[in-house]
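A short write-up of the structure that comes next.
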Amino acid sequence: MKKTNIFLAAAALVCASCGKPSASSLQEAYSDYWRMGVSVNQWEVKAEDKMKEGVTYSGASSLDQTGDYPMIAKQFGWVVPENCMKCEVIHPEETRYDFTLADELVEKALANGQQVVGHCLIWHSQCAPWFFVDKDGNQVDADELKKRMRDHIFTILDHFRGKIAGWDVVNEAFEDDGTLRHSPFYEILGEEYIPLAFQYAHEADSTIELYYNDYSMYKPKKVKGVTDFFRPLIEQGLPIHAIGLQGHLFLGAEDYATLYERAIQEIAKLGLPSQFTELDLSVLPNPYEQEGADVNANFEYSPAIDPYTDGLPAEQQEKADDFWVDFFKMLIRNKEHVLRVSFWCFNDANSWRNDWPVKGRTEYATLFDRQGQPKPTVQKLIDLVK
């Protein structure tokens, strides 16, 4: 299956030469390579007095982070919401949708000339509890879950029609060994729920791009499981436009550049581009050998695994810089197969990795410091394509 006309049209807008000699931002420097993006939390969009009760949020370093947005708009042309479009927030009760936070984010992004990726329609985690049970607390049957999925997808896509360019339709449906995750969606519907979600999304709005998204997509078994699953569906006409590789990484843990290069090339055999949807890099000790992005992971805090509370040493920052330069060199080699490169969380202060997989640490996982200023990494990445 060849890339869709959406991508061919986008490619036609790209000039023949690559690199911007006088680029002052990541999105400007890489405008001829791929879409450059970042996740945005609700406090960067609009200051709040307090957090909404009963909802899991990351990035709450301050309830007024609106001062970050000018730099976000300068550096990134694409944004994705961290939490406000997840089911527990946007559809907390079966008969009630709450688009308040999502609408504020979308309108601010569009006002700043940015494109929005919706995240995410079908995901077992951060899904509202009502989704899988009836009024008596018993698990719903297959027909009822299909109806709920369809209503959920149709209502959300209709609400954002013409405002959101693409959606993560299904999120994290596979285990690291390449087998399907036995989530409530799988337990009730089996593997059918994945193509059904894409079918419903395409029926609801045939003009937007539709993506599958998952973590640990550098592991060969997982990549094989995902590509083997989607190959026959694509041959049958499944409306899917890219595979998302999250990329929650640990400094020194793996030869990520080599492993992700292989993943990109395997996905390209499906006729689809890859997109890096949630890039960040932990520079802290990882004695628990955590991998991926299991949001339920929670290890006990100790000072020994939080060594940089007073600032990141220069030599450690240089290691992080070298990592990102090598990683981007790999991406540049494979640019014809890369649709988007997005980072998860704008700066170190609001990064979710301060609390994952150990709560309360001082992490340095993003490209911008705690004051929202670019680290040396940013200029080095710009210089790669000057």
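The values are calculated or read from the model by the stated rules, or taken from the named source; none is laboratory data. Quantities reported herein were computed from a predicted structural model and do not represent experimental measurements. Counting neighbours? That spans all protein chains shown, and the Cβs are built from the backbone with ideal geometry, glycine included.
Quick rundown of the values:
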{"quantity": "Check on THR155, of a type in the set (Ser, Thr, Tyr), touching a residue at least 12 places away in the same chain (Cβ under 8 Å), surrounded by fewer than 16 Cβ atoms within 10 Å (Cβ to Cβ) and more than 30 Å from ALA263 (Cα to Cα)", "calculated": "yes"}
{"quantity": "Pairs where the first residue, in the range 365-379, is over 14 Å from LEU312 (Cα atoms) and the second is part of a loop (DSSP other than H, G, I, E, B) and at pLDDT 95 or above, C-beta under 6 Å, 6+ apart", "calculated": "GLY372/ASN347; VAL378/LEU367"}
{"quantity": "Selection within the range 299-335 - among the small types (Gly, Ala, Ser) and under 18 Å from TRP356 (Cα atoms)", "calculated": "SER302, ALA304"}
{"quantity": "Conditions (1) surrounded by 21 or more Cβ atoms within 10 Å (Cβ to Cβ); (2) over 18 Å from the mean Cα position of the chain (by Cα); number of the one not met by ASN112", "calculated": "(1)"}
{"quantity": "Condition check for MET71: within 17 Å of the chain's Cα centre (by Cα), of a type in the set (A, V, I, L, M) and either under 30 Å from THR155 (Cα atoms) or at pLDDT 65 or above (or both)", "calculated": "no"}
{"quantity": "Restricting the range 43-64 to residues that are farther than 21 Å from ARG361 by Cα and either β-branched (Val, Ile, Thr) or touching a Gly at 6+ places or on another chain (Cβ under 6 Å) (or both), the residue that is modelled with the highest pLDDT", "calculated": "VAL45"}
{"quantity": "Filter pass, GLY360 being more than 23 Å from GLU266 (Cβ to Cβ) and either modelled with pLDDT of 95 or more or aromatic (Phe, Trp, Tyr) (or both)", "calculated": "no"}
{"quantity": "Any hit, the range 346-358, residues being among the basic types (Lys, Arg) and surrounded by 15 or more Cβ atoms within 10 Å (Cβ to Cβ)", "calculated": "yes"}
{"quantity": "Those residues of the range 336-386 which are in a helix (DSSP H, G or I), under 30 Å from ASN296 (Cβ atoms) and acidic (Asp, Glu), in sequence order", "calculated": "ASP348"}
{"quantity": "Leading residue by the ranking (nearest to the chain's Cα centre (by Cα)) among those in the range 237-271 that are part of a loop (DSSP other than H, G, I, E, B), closer than 30 Å to ASP322 by Cβ and not acidic (Asp, Glu)", "calculated": "GLN246"}
{"quantity": "Residue under evaluation PRO285, criteria (1) in a loop (DSSP other than H, G, I, E, B); (2) modelled with pLDDT of 95 or more; (3) out of contact with any strand residue (DSSP E or B) (no Cβ under 9 Å at 6 or more places or on another chain), criterion not met", "calculated": "(2)"}
